[in-house]
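The values are calculated or read from the model by the stated rules, or taken from the named source; none is laboratory data. Fair warning: this is a prediction, and the values are worked out from it, not measured in the lab. Cβ sites come from the backbone with ideal geometry, for glycine too, and all protein chains shown count toward neighbours. Remember, those area values only see protein heavy atoms, side chains included, never the ligands or the DNA or RNA. Shrake-Rupley method; radii C 1.70, N 1.55, O 1.52, S 1.80 Å.
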Amino acid sequence: LRVALSPFQEAAASRRGVDARLSEITVDDLRRGLDSGEVYAAFQPKIDLATGKVTGCEALARWDSARFGPVGPDVFIPLAEQGGLIKAMTLRMLRDSMTFAASFLPTEPKFVVAVNLSASLLSDTSLPEEVERLLAEIGVPARSLMIEVTETTAMADVGRAMDVLLRLRLKGIGISMDDFGTGYSSLSALARMPFSELKIDRSFVKDCLTDADMWKIVSSSVAIAHQYNMKVVAEGIEDAATWHALDALGCDIGQGFEFSRALRSDAFVDWYRTWTARGPAVRGDAAIP
Ligand code: C2E
Ligand code: MG
Ligand code: MG
Ligand code: MG
(Lines give C-alpha, C1' and ligand atoms only; values in the text may rest on other atoms or scores of the structure.)
(Ligands and ions follow the chains in the order given, each with its own letter.)
Protein backbone atom coordinates (compact mmCIF):
# COMPACT_ATOMS: atom_id res chain seq x y z
CA LEU A 1 0.00 0.00 0.00
CA ARG A 2 1.38 3.37 -1.03
CA VAL A 3 0.60 6.75 0.44
CA ALA A 4 -2.27 8.36 -1.43
CA LEU A 5 -1.79 12.01 -0.61
CA SER A 6 -4.75 14.33 -0.96
CA PRO A 7 -4.12 17.56 -2.91
CA PHE A 8 -3.99 19.35 0.45
CA GLN A 9 -1.38 16.95 1.80
CA GLU A 10 0.61 17.18 -1.46
CA ALA A 11 0.70 20.96 -1.04
CA ALA A 12 1.81 20.62 2.57
CA ALA A 13 4.46 18.09 1.59
CA SER A 14 5.86 20.21 -1.22
CA ARG A 15 5.98 23.22 1.10
CA ARG A 16 8.24 21.06 3.22
CA GLY A 17 10.32 20.35 0.13
CA VAL A 18 10.10 16.62 0.59
CA ASP A 19 7.40 15.56 -1.86
CA ALA A 20 9.54 13.19 -3.92
CA ARG A 21 10.99 11.44 -0.90
CA LEU A 22 7.61 11.08 0.82
CA SER A 23 5.87 9.46 -2.14
CA GLU A 24 8.18 6.47 -1.63
CA ILE A 25 6.97 5.74 1.90
CA THR A 26 4.82 2.66 2.45
CA VAL A 27 2.77 1.40 5.38
CA ASP A 28 5.45 -1.25 5.94
CA ASP A 29 8.03 1.51 6.37
CA LEU A 30 5.83 3.12 8.99
CA ARG A 31 5.25 -0.21 10.76
CA ARG A 32 9.00 -0.77 10.93
CA GLY A 33 9.46 2.79 12.19
CA LEU A 34 6.93 2.14 14.95
CA ASP A 35 8.55 -1.18 15.90
CA SER A 36 12.09 0.22 15.97
CA GLY A 37 11.24 3.29 18.03
CA GLU A 38 11.74 5.82 15.22
CA VAL A 39 8.24 7.12 15.98
CA TYR A 40 8.00 8.87 19.33
CA ALA A 41 6.08 11.50 21.28
CA ALA A 42 7.49 15.04 21.47
CA PHE A 43 5.97 17.44 23.99
CA GLN A 44 5.12 21.10 23.44
CA PRO A 45 4.48 23.17 26.60
CA LYS A 46 1.15 24.83 27.35
CA ILE A 47 1.47 28.07 29.34
CA ASP A 48 -0.92 29.93 31.65
CA LEU A 49 -0.83 33.29 29.87
CA ALA A 50 -1.45 35.34 33.03
CA THR A 51 1.27 33.81 35.20
CA GLY A 52 3.68 32.25 32.72
CA LYS A 53 3.38 28.93 34.56
CA VAL A 54 3.49 25.62 32.69
CA THR A 55 0.06 23.94 32.83
CA GLY A 56 1.11 20.85 30.89
CA CYS A 57 1.93 19.98 27.31
CA GLU A 58 0.64 18.51 24.05
CA ALA A 59 2.08 15.26 22.77
CA LEU A 60 2.89 15.50 19.06
CA ALA A 61 3.93 12.42 17.12
CA ARG A 62 7.33 12.54 15.43
CA TRP A 63 8.97 10.14 13.00
CA ASP A 64 12.72 10.44 12.54
CA SER A 65 13.21 7.85 9.83
CA ALA A 66 16.72 6.50 9.18
CA ARG A 67 15.79 6.14 5.52
CA PHE A 68 13.57 9.17 4.80
CA GLY A 69 14.70 11.69 7.39
CA PRO A 70 12.11 13.52 9.50
CA VAL A 71 8.56 12.80 8.29
CA GLY A 72 5.76 15.12 9.45
CA PRO A 73 2.56 13.94 11.15
CA ASP A 74 0.53 15.51 8.34
CA VAL A 75 2.03 12.74 6.16
CA PHE A 76 2.31 9.72 8.44
CA ILE A 77 -0.96 10.11 10.40
CA PRO A 78 -3.06 9.64 7.21
CA LEU A 79 -0.76 6.72 6.28
CA ALA A 80 -1.30 5.15 9.72
CA GLU A 81 -5.06 5.51 9.21
CA GLN A 82 -5.00 3.92 5.76
CA GLY A 83 -2.74 1.10 6.95
CA GLY A 84 -4.67 0.22 10.10
CA LEU A 85 -1.85 1.37 12.38
CA ILE A 86 -3.56 4.37 13.95
CA LYS A 87 -4.88 2.61 17.04
CA ALA A 88 -1.54 1.02 17.91
CA MET A 89 0.20 4.34 17.32
CA THR A 90 -2.29 6.27 19.46
CA LEU A 91 -2.06 3.75 22.31
CA ARG A 92 1.72 4.18 22.18
CA MET A 93 1.33 7.97 22.30
CA LEU A 94 -1.05 7.60 25.26
CA ARG A 95 1.34 5.29 27.11
CA ASP A 96 4.38 7.55 26.54
CA SER A 97 2.34 10.63 27.46
CA MET A 98 1.00 9.19 30.71
CA THR A 99 4.45 7.89 31.67
CA PHE A 100 5.75 11.41 31.06
CA ALA A 101 2.88 12.90 33.13
CA ALA A 102 3.66 10.49 35.99
CA SER A 103 7.23 11.83 36.10
CA PHE A 104 5.93 15.42 36.45
CA LEU A 105 3.12 14.92 38.96
CA PRO A 106 5.28 14.92 42.14
CA THR A 107 6.44 18.52 41.36
CA GLU A 108 3.46 19.66 39.26
CA PRO A 109 0.30 17.93 40.58
CA LYS A 110 -1.90 19.74 38.05
CA PHE A 111 0.25 18.84 35.02
CA VAL A 112 -1.93 17.74 32.07
CA VAL A 113 -0.69 15.99 28.93
CA ALA A 114 -2.88 16.29 25.83
CA VAL A 115 -3.01 13.54 23.19
CA ASN A 116 -4.55 13.94 19.72
CA LEU A 117 -7.23 11.46 18.67
CA SER A 118 -8.02 10.67 15.03
CA ALA A 119 -11.52 10.49 13.62
CA SER A 120 -11.56 6.71 13.25
CA LEU A 121 -10.93 6.22 16.98
CA LEU A 122 -13.97 8.29 17.90
CA SER A 123 -16.17 5.42 16.74
CA ASP A 124 -14.11 2.82 18.64
CA THR A 125 -16.38 2.09 21.59
CA SER A 126 -13.75 0.00 23.40
CA LEU A 127 -11.39 2.97 23.62
CA PRO A 128 -12.66 4.62 26.85
CA GLU A 129 -12.17 1.40 28.86
CA GLU A 130 -8.75 0.78 27.29
CA VAL A 131 -7.68 4.31 28.20
CA GLU A 132 -8.97 3.85 31.75
CA ARG A 133 -7.00 0.59 32.14
CA LEU A 134 -3.85 2.32 30.86
CA LEU A 135 -4.24 5.16 33.38
CA ALA A 136 -4.69 2.64 36.22
CA GLU A 137 -1.68 0.62 35.07
CA ILE A 138 0.60 3.67 34.93
CA GLY A 139 -0.97 5.13 38.06
CA VAL A 140 -1.98 8.62 36.91
CA PRO A 141 -5.32 10.31 37.66
CA ALA A 142 -7.74 10.83 34.78
CA ARG A 143 -7.44 14.62 35.14
CA SER A 144 -3.79 14.39 33.97
CA LEU A 145 -5.02 13.41 30.49
CA MET A 146 -6.65 15.65 27.92
CA ILE A 147 -7.92 14.25 24.63
CA GLU A 148 -7.79 16.63 21.64
CA VAL A 149 -10.20 16.12 18.76
CA THR A 150 -10.48 18.45 15.80
CA GLU A 151 -13.70 20.27 15.23
CA THR A 152 -14.20 18.52 11.87
CA THR A 153 -13.60 15.11 13.45
CA ALA A 154 -16.00 15.60 16.33
CA MET A 155 -18.76 17.08 14.22
CA ALA A 156 -18.60 14.66 11.28
CA ASP A 157 -20.71 12.11 13.15
CA VAL A 158 -21.85 13.86 16.32
CA GLY A 159 -23.83 10.90 17.65
CA ARG A 160 -20.99 8.38 17.55
CA ALA A 161 -18.36 10.86 18.67
CA MET A 162 -20.60 11.90 21.54
CA ASP A 163 -20.75 8.35 22.93
CA VAL A 164 -16.95 7.92 23.13
CA LEU A 165 -16.23 11.51 24.23
CA LEU A 166 -18.90 11.51 26.92
CA ARG A 167 -17.62 8.24 28.38
CA LEU A 168 -14.07 9.61 28.46
CA ARG A 169 -15.31 12.84 30.04
CA LEU A 170 -17.34 10.99 32.70
CA LYS A 171 -14.16 9.19 33.75
CA GLY A 172 -12.62 12.62 34.46
CA ILE A 173 -10.55 12.96 31.27
CA GLY A 174 -10.52 16.45 29.71
CA ILE A 175 -11.78 16.89 26.14
CA SER A 176 -10.36 19.64 23.95
CA MET A 177 -11.81 20.93 20.70
CA ASP A 178 -8.75 21.38 18.48
CA ASP A 179 -8.39 23.72 15.48
CA PHE A 180 -11.56 25.61 16.46
CA GLY A 181 -12.82 27.88 13.72
CA THR A 182 -11.58 25.79 10.79
CA GLY A 183 -14.65 23.54 10.53
CA TYR A 184 -18.37 23.99 10.25
CA SER A 185 -19.71 23.17 13.70
CA SER A 186 -22.90 24.81 14.84
CA LEU A 187 -22.95 26.50 18.21
CA SER A 188 -25.81 24.23 19.30
CA ALA A 189 -23.69 21.13 18.58
CA LEU A 190 -20.78 22.73 20.45
CA ALA A 191 -23.03 23.28 23.46
CA ARG A 192 -24.06 19.62 23.56
CA MET A 193 -20.57 18.14 23.26
CA PRO A 194 -18.65 17.51 26.50
CA PHE A 195 -15.71 19.83 25.76
CA SER A 196 -13.68 21.22 28.63
CA GLU A 197 -11.28 23.24 26.46
CA LEU A 198 -11.36 25.06 23.13
CA LYS A 199 -8.20 25.61 21.07
CA ILE A 200 -8.20 28.49 18.63
CA ASP A 201 -6.42 27.45 15.43
CA ARG A 202 -3.01 28.91 14.66
CA SER A 203 -4.27 30.32 11.35
CA PHE A 204 -6.31 32.89 13.33
CA VAL A 205 -3.72 33.55 16.02
CA LYS A 206 -0.65 34.14 13.88
CA ASP A 207 -1.74 37.46 12.34
CA CYS A 208 -4.24 38.56 14.97
CA LEU A 209 -2.31 41.71 15.89
CA THR A 210 -2.11 42.99 12.32
CA ASP A 211 -5.34 41.68 10.78
CA ALA A 212 -8.52 43.10 12.33
CA ASP A 213 -10.65 40.24 10.97
CA MET A 214 -8.39 37.68 12.67
CA TRP A 215 -8.55 39.62 15.93
CA LYS A 216 -12.36 39.56 15.78
CA ILE A 217 -12.35 35.78 15.28
CA VAL A 218 -9.96 35.28 18.18
CA SER A 219 -11.84 37.56 20.56
CA SER A 220 -15.24 36.06 19.72
CA SER A 221 -13.79 32.55 20.17
CA VAL A 222 -12.59 33.50 23.66
CA ALA A 223 -16.07 34.83 24.50
CA ILE A 224 -17.77 31.69 23.15
CA ALA A 225 -15.46 29.38 25.12
CA HIS A 226 -16.06 31.23 28.36
CA GLN A 227 -19.82 31.30 27.87
CA TYR A 228 -19.72 27.50 27.62
CA ASN A 229 -17.43 27.30 30.71
CA MET A 230 -14.50 26.05 28.68
CA LYS A 231 -10.86 27.06 29.09
CA VAL A 232 -9.52 28.65 25.93
CA VAL A 233 -6.11 27.93 24.41
CA ALA A 234 -4.42 29.91 21.64
CA GLU A 235 -2.10 27.85 19.43
CA GLY A 236 0.80 29.26 17.45
CA ILE A 237 1.89 32.16 19.68
CA GLU A 238 5.21 33.17 18.15
CA ASP A 239 6.01 36.48 19.88
CA ALA A 240 5.66 38.25 23.23
CA ALA A 241 3.35 40.94 21.82
CA THR A 242 0.77 38.31 20.83
CA TRP A 243 1.14 36.64 24.24
CA HIS A 244 0.43 39.94 26.06
CA ALA A 245 -2.50 40.90 23.85
CA LEU A 246 -4.15 37.49 24.26
CA ASP A 247 -3.61 37.60 28.02
CA ALA A 248 -5.24 41.04 28.14
CA LEU A 249 -8.14 39.64 26.11
CA GLY A 250 -8.71 36.94 28.74
CA CYS A 251 -7.38 33.95 26.81
CA ASP A 252 -6.35 31.40 29.46
CA ILE A 253 -3.60 29.26 27.97
CA GLY A 254 -1.13 29.53 25.10
CA GLN A 255 1.09 27.30 23.06
CA GLY A 256 3.66 28.22 20.44
CA PHE A 257 7.25 28.85 19.45
CA GLU A 258 7.36 31.91 21.78
CA PHE A 259 7.49 29.35 24.59
CA SER A 260 8.95 26.29 22.88
CA ARG A 261 8.61 23.89 19.98
CA ALA A 262 7.73 20.26 20.73
CA LEU A 263 10.67 18.59 22.47
CA ARG A 264 11.77 15.06 23.34
CA SER A 265 11.00 14.26 26.98
CA ASP A 266 14.55 14.88 28.28
CA ALA A 267 14.84 18.17 26.37
CA PHE A 268 11.41 19.18 27.71
CA VAL A 269 12.62 18.65 31.28
CA ASP A 270 15.68 20.86 30.59
CA TRP A 271 13.47 23.52 29.02
CA TYR A 272 11.06 23.34 31.99
CA ARG A 273 13.87 23.88 34.51
CA THR A 274 15.18 26.93 32.64
CA TRP A 275 11.68 28.34 32.17
CA THR A 276 10.60 27.96 35.80
CA ALA A 277 13.98 29.28 37.06
CA ARG A 278 13.01 32.62 35.53
CA GLY A 279 10.47 32.91 38.36
CA PRO A 280 6.81 33.87 38.40
CA ALA A 281 7.41 37.22 36.64
CA VAL A 282 7.88 35.68 33.20
CA ARG A 283 4.82 37.62 32.10
CA GLY A 284 5.12 40.70 29.96
CA ASP A 285 8.35 42.26 28.76
CA ALA A 286 10.27 40.34 31.41
CA ALA A 287 9.86 37.34 29.12
CA ILE A 288 12.02 38.96 26.46
CA PRO A 289 15.64 38.01 27.16
P1 C2E B 1 -2.40 20.21 16.09
O2 C2E B 1 -2.91 19.22 17.05
O3 C2E B 1 -3.23 21.42 15.84
O4 C2E B 1 -0.94 20.59 16.63
C5 C2E B 1 -0.38 21.86 16.55
C6 C2E B 1 0.62 21.94 15.41
O7 C2E B 1 1.10 23.29 15.33
C8 C2E B 1 1.88 21.10 15.63
O9 C2E B 1 2.33 20.70 14.35
C10 C2E B 1 2.86 22.09 16.25
O11 C2E B 1 4.21 21.73 16.09
C12 C2E B 1 2.50 23.33 15.47
N13 C2E B 1 2.84 24.56 16.19
C14 C2E B 1 2.71 24.78 17.51
N15 C2E B 1 3.10 26.03 17.83
C16 C2E B 1 3.46 26.64 16.67
C17 C2E B 1 3.97 27.95 16.35
O18 C2E B 1 4.13 28.84 17.19
N19 C2E B 1 4.23 28.19 15.04
C20 C2E B 1 4.07 27.25 14.08
N21 C2E B 1 4.38 27.58 12.83
N22 C2E B 1 3.59 26.00 14.34
C23 C2E B 1 3.30 25.70 15.63
P24 C2E B 1 2.71 19.19 14.00
O25 C2E B 1 3.46 18.59 15.15
O26 C2E B 1 3.32 19.19 12.65
O27 C2E B 1 1.32 18.46 13.96
C28 C2E B 1 0.38 18.70 12.95
C29 C2E B 1 -0.92 18.01 13.22
O30 C2E B 1 -0.76 16.58 13.17
C31 C2E B 1 -1.46 18.27 14.63
O32 C2E B 1 -2.12 19.51 14.66
C33 C2E B 1 -2.37 17.08 14.83
O34 C2E B 1 -3.63 17.32 14.23
C35 C2E B 1 -1.67 15.99 14.05
N36 C2E B 1 -0.98 15.10 15.00
C37 C2E B 1 0.24 15.23 15.60
N38 C2E B 1 0.49 14.18 16.42
C39 C2E B 1 -0.62 13.38 16.36
C40 C2E B 1 -0.99 12.12 17.00
O41 C2E B 1 -0.26 11.55 17.81
N42 C2E B 1 -2.20 11.59 16.66
C43 C2E B 1 -3.05 12.22 15.78
N44 C2E B 1 -4.22 11.66 15.51
N45 C2E B 1 -2.74 13.39 15.19
C46 C2E B 1 -1.54 13.96 15.46
MG1 MG C 1 -3.71 19.12 18.83
MG1 MG D 1 -4.32 22.29 17.37
MG1 MG E 1 -3.93 23.48 14.47
Subject >> Using distinct alpha-carbon pairs, which all enter the 1/r mean, Kirkwood radius of segment 216-271 in Å >> reply: 12.3
Subject >> Under 21 Å from the Cα of Lys231 - lysines, other chains or at least 8 residues apart >> reply: Lys46, Lys53, Lys110, Lys171, Lys199, Lys206, Lys216
**OP:** Consider all pairwise Cα distances in segment 126-192 and report the whole-number % of them above 13 Å.
**Re:** 64
**OP:** State in Å² the accessible area per residue of segment 112-190; use a 1.4 Å probe, count heavy atoms of protein chains only, and round to the nearest integer.
**Re:** 41
Subject >> Additional length obtainable on full extension of the chain from Glu129 to Glu81, 0.36 nm per residue less Cα span >> reply: 15.2 nm
Original post:
Where is the GNM fluctuation largest for the chain (alpha-carbon springs, 10 angstrom cutoff): Asp96, Asp157, Asp252?
Top reply: Asp157
**OP:** Could you tell me what percent of the accessible area of segment 68-160 is made up of carbon and sulfur, with a 1.4 Å probe and every protein chain present?
**Re:** 58
Original post:
If you wrap a convex hull around the Cα atoms of segment 43-98, how much volume per residue is inside, in Å³?
Top reply: 105
Original post:
How many percent of DSSP beta bridges within the chain run antiparallel, rounded to 5?
Top reply: 40
Original post:
Hey, can you list the DSSP H helices of the chain whose Cα span along the axis is 24 Å or longer and whose average Kyte-Doolittle score is at least -0.5?
Top reply: 86-104
Original post:
What residue among Cys57, Cys251, Cys208 shows peak mean-square fluctuation when the chain is described by a Gaussian network model with Cα springs under 10 Å?
Top reply: Cys208
**OP:** Would you mind working out the magnitude of the charge dipole of segment 238-280 relative to its Cα centre, with +1 at each Lys and Arg C-beta and -1 at each Asp and Glu C-beta, to the nearest 20 Debye?
**Re:** 200
Original post:
What base-10 log of the normalised intensity I(q)/I(0) is obtained for the chain from the Debye formula, alpha carbons as equal point scatterers, at q = 0.07, 0.09, 0.11, 0.17 Å⁻¹?
Top reply: -0.26, -0.43, -0.66, -1.59
Subject >> Equivalent ellipsoid semi-axes - Cα gyration tensor, segment 100-235, angstrom >> reply: 27, 19, 12
Original post:
What is the calculated FRET efficiency for Ala66 to Val269, with r their C-beta to C-beta distance and R₀ = 25 Å, to the nearest 0.05?
Top reply: 0.45
Original post:
Gain in length, Lys110 to Ala142, computed as 0.36 nm per residue apart minus the alpha-carbon separation, to one decimal in nm?
Top reply: 10.4 nm
Subject >> GNM top mover of Gln255, Gln227, Gln44 - the chain, alpha-carbon springs below 10 Å >> reply: Gln227
**OP:** Take the solvent-accessible surface of the protein heavy atoms, probe 1.4 Å, and return the percent of it on segment 169-278 that carbon and sulfur atoms account for.
**Re:** 50
**OP:** Could you tell me the convex hull volume per residue, in Å³, taken over the Cα atoms of segment 41-180?
**Re:** 124
**OP:** Using only Cα atoms, locate the centre of segment 167-188 and the centre of segment 112-127, then give the distance between them in Å, rounded to an integer.
**Re:** 12
Original post:
In square angstrom, rounded to the nearest 10, how much accessible surface does Glu132 have for a 1.4 Å probe?
Top reply: 90
Original post:
To two decimal places, what compactness ratio does segment 157-251 give when its Cα radius of gyration is scaled by 2.2 N^0.38 Å?
Top reply: 1.13
Subject >> Convex hull volume per residue for segment 30-124, taking Cα atoms only, in Å³ >> reply: 121
**OP:** Can you sort Glu81, Glu235 by 1.4 Å-probe accessible area, starting with the largest?
**Re:** Glu81, Glu235
